[in-house]
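Please read the structure below before turning to the comments.
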Amino acid sequence: MPKAKKYEMTYNSEHYTVAANDIIRGKQSMTLQTARLIRLLITQVVKEDKDLKTYSCKITDLAKFLNVPRNNLYRDIYQICVAALDSKVYIGTGNPRHPWKMFPWISMAEYDGNGTLTLRLSEQIKPYVLELDKWFTQYQLKNILEFNSYYAIRLYEIIKCEDGATGGMQSELEFEIEKLRQYLGCETKYAAFKDFKKNTIEVAVREINEKSDLYIIPTYKKWGRAVTSVVFEIHINYKSIKKG
């Protein structure tokens, strides 16, 4: 069987991550660096692509782009790749008898021992990143690359997804708490709402407002004493855009 042609990884934070809304809304949980790596891989896909490609890169270049410390970069990149291979996304099917399907983000990570890493997205992800003409979410990689919280990446993505679904005309988005927990991979973490709010929502909002093209203001709705949903007021972050 002939070896797949390898394409050199490109590193450009101006490039767009473009993915189907279904995968953005899917259940997913991963480390911060794994999220960065997967989003970087998705930016490699261009509109003209008819199939997924296999990409190669120097570990030192990848580590620099992902801001991995140099003291243990080979060990750290190895751990990021292991986590990426273990990471799955769960997508709703709309069928109550078979309510979801799951698949891995990447299908391979290979190190040649001479400083070069080879990576490829999984075949199952192909319909969600290739030849998309509607129902997709896009944003520039630079808007999430400096986040130090995975929750910030996910909240940013889902706001971009839902706001984009309305043509960017909606200045407010409301999420039920249980749905937001699902989006952020916290269905069994931070059981008390005060802990969930402190460790996920507040962290994510602060990072988004400081480092992205969005500025969001959360307010909380209650039923009795229980918080039932969060409303995010959405603004363009002109200060961040000018800085970029």
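General observations
- Formal net charge of residues neighbouring C186 (Cβ-Cβ distance under 14 Å; K, R +1; D, E -1): +3
- Working ranking of peptides 22-28, 92-98, 128-134 by packing, defined as the average number of other Cβ atoms within 10 Å per residue, highest first, is 22-28, 128-134, 92-98.
- Listed by chain and number, the lysines whose alpha-carbon sits under 25 Å from that of K221, ignoring those within fewer than 8 places in the same chain, are K27, K160, K179, K189, K194, K197, K198.
- Within a straight-line Cα-Cα reach of under 16 Å, K58 can be paired with the following lysines, leaving aside sequence neighbours fewer than 8 residues apart in one chain: K6.
- Nitroxide proxy distance, nm - points 7 Å out along Cα→Cβ at E233 and L73: 4.4 nm
- Full extension of the chain between T54 and T10 yields a length gain of 14.6 nm, computed as 0.36 nm times the residue separation minus the alpha carbon distance.
- Simple Cβ-charge dipole of the chain, Lys/Arg +1 and Asp/Glu -1, about Cα centre, in debye nearest 20: 400 debye
- Label point distance in nm, A226-K142, each placed 7 Å from Cα along Cα→Cβ: 4.4 nm
- Rounded tilt (10° steps) of 150-165 against the dominant C-alpha axis of the chain: 70 degrees
- Three-way shape label, the stretch 93-154, alpha-carbon gyration tensor, a/c 1.5: oblate
- Dividing the radius of gyration of the alpha carbons in the stretch 64-185 by their Kirkwood radius gives 1.00 for Rg/Rh.
- Label-to-label distance, nm, for residues given as T116 and D61 (7 Å Cα→Cβ offset): 1.1 nm
- Label zone at A83, where the point sits 7 Å out along the Cα-to-Cβ direction: the stretch 35-55 residues whose backbone N lies under 11 Å: 35-38
- Comparing Cα centroids, the stretch 208-231 and the stretch 101-164 end up 25 angstrom apart.
- Partners of K64 within straight-line reach, counting lysines whose Cα lies under 20 Å from its Cα and excluding those fewer than 8 residues away in the same chain: K142, K211.
- Computed extension gain for A192 through N95, at 0.36 nm per residue and net of the alpha carbon distance, reaches 31.8 nm.
Where a number appears in this text, it was derived from the coordinates with a stated rule and is not lab data. What you see is a predicted model, and the numbers here were worked out from it, not measured in a lab. Cβ: placed from backbone, ideal geometry, glycine included. Neighbour counts: every protein chain shown.
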